[in-house]
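Input: a single structure, listed below in structure tokens.
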Amino acid sequence: AVTAPTNYNLRVVETRIGALMLAKHLNISEHSACANADPLTFKTVMDEYFASSYPSDRDPPVLKWTKRLTAMLERAETLFATHPQGFTLDECADYLSISASDLSRIVHTDRFPVRTDRFKLLQRAQHAFSEALRVVKFRQVCESGDTSDGCFVALGDLMNQSQDSCRDLFECSCPELDEICKIARQAGSFGSRLTGAGWGGCSVHLVRQDGCENFIATLKQEYYSRRFPELGDDELKNVIFATSPSSGAVIYVFD
């Protein structure tokens, strides 16, 4: 794709460089889990750091992941906040004590060519860890058993925070998605965010079942009819529709 070197590919490379630098910052870069990882990811760094530093951690899952992700977010900010405008490739390589060409090879810029002067490692790390933390909090709300409006407000707030982070920190939204989410919230959505890789594509909205019909009508009128007046109702049915959350894919094992 024409924009891949400044969008999707760049995020892949930024998070990989960020993981390498964070592993060194935490003194675990020589651990086999990190040294042999190809590619090294923020998730691998977090798992190895806590496996080696807190091997007997037996907290319940939600509490465990909340503590771990919060800690990693703090450590990443400590490391990357020195360069809020981003690191050059040479600065990243110098921190890792390797050449710029070796760093490019390690993060596979041959497969993910990029075009940039600076890698925004602070913002990408902030998004990665805070987004995972929002998933944990979303799960916590869902498992609470609460079906009041407060539950949906809490879930919607997390979705809205996610969209803000995608737009401002990971920079994978676009003006069209931002506009759709704004209209959706004004039309009654508890929360709205992009879904998928970003830079266009789809959005998802948390809406009351009894308000779905009016919500869809508002989106059609306020966004699609104005931007795409040539689309008829039958065509719009294929791009905007209601669905319900489910437990997703499962594996059944029979003895």
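Let me check something: with ligands and nucleic acids excluded, how do Ile183, Ile251 order by accessible area (1.4 Å probe), largest to smallest?
Ile251, Ile183
Taking the chain as a Gaussian network, Cα atoms linked when under 10 Å apart, which of Asn27, Asn238, Asn214 shows the biggest mean-square fluctuation?
Greatest mean-square fluctuation among the candidates belongs to Asn238.
Using protein chains only and a probe of 1.4 angstrom, how many square angstrom of Tyr8 are accessible, to the nearest 10?
My reading of the accessible area for Tyr8 is about 120 Å².
Rounded to the nearest 10 Å², what accessible area does Ser225 show when all protein chains are kept and the probe is 1.4 Å?
60
Using R₀ = 41 Å, calculate the FRET efficiency as 1/(1 + (r/R₀)^6) where r is the Cβ-Cβ separation of Ala242 and Asp168; round to 0.05. Can you show the working numbers first?
Details: r = 29 Å, r/R0 = 0.71.
It comes out at approximately 0.90.
Restricting to Cα pairs below 8 Å that are 6+ residues apart, what does the relative contact order work out to for the chain? Please round to a whole percent.
Worked out over the chain, it gives 17 percent.
Rounded to the nearest percent, how much of the accessible area of segment 82-190 (1.4 Å probe, protein heavy atoms only) is carbon and sulfur?
52
Under a 10 Å cutoff between Cα atoms, tell me which one of Ala187, Ala132, Ala35 has the largest fluctuation in the Gaussian network model of the chain.
It is Ala35.
Given a 1.4 Å probe and heavy atoms of the protein chains only, how would you sort Glu91, Glu213, largest accessible area at the top?
Greatest to least solvent exposure: Glu213, Glu91.
What accessible area, in Å² to the nearest ten, does a 1.4 Å probe give for Thr44?
Here the residue's solvent-accessible area equals roughly 40 Å².
Taking amide H atoms as placed 1.01 Å from N in the peptide plane, list the residues 5 or more away in sequence, or in a different chain, whose amide H sits under 5 Å from that of Arg193.
Distant-sequence amide H within range of Arg193: Val204.
Determine the distance separating the Cα centre of segment 188-248 from the Cα centre of segment 2-50; give it in Å without decimals.
Rounded to whole Å, the Cα centres lie 35 Å apart.
Once you've got the GNM for the chain with C-alpha springs shorter than 10 Å, pick whichever of Pro39, Pro113, Pro60 has the biggest mean-square fluctuation.
Between Pro39, Pro113, Pro60, it is Pro60 that shows the largest mean-square fluctuation.
Please tell me the relative contact order of segment 153-255 in percent, rounded to the nearest whole number, where contacts are Cα pairs under 8 Å and at least six residues apart.
Relative contact order here is 21 percent.
Just reorder Ile216, Ile28 by solvent-accessible area, largest first, 1.4 Å probe, all chains present. Before the final figure, lay out the partial values.
Details: Ile216 30, Ile28 5 Å².
These residues rank, largest area first, as Ile216, Ile28.
The values are calculated or read from the model by the stated rules, or taken from the named source; none is laboratory data. In this text the structure is predicted, and so the values were computed from the model without any measurement. All Cβ positions, even for glycine, are placed from backbone atoms using ideal geometry, and neighbour counts span all protein chains on display. Calculation scope for accessible area: heavy atoms of the full protein, side chains included, ligands and nucleic acids excluded. Shrake-Rupley method; radii C 1.70, N 1.55, O 1.52, S 1.80 Å.
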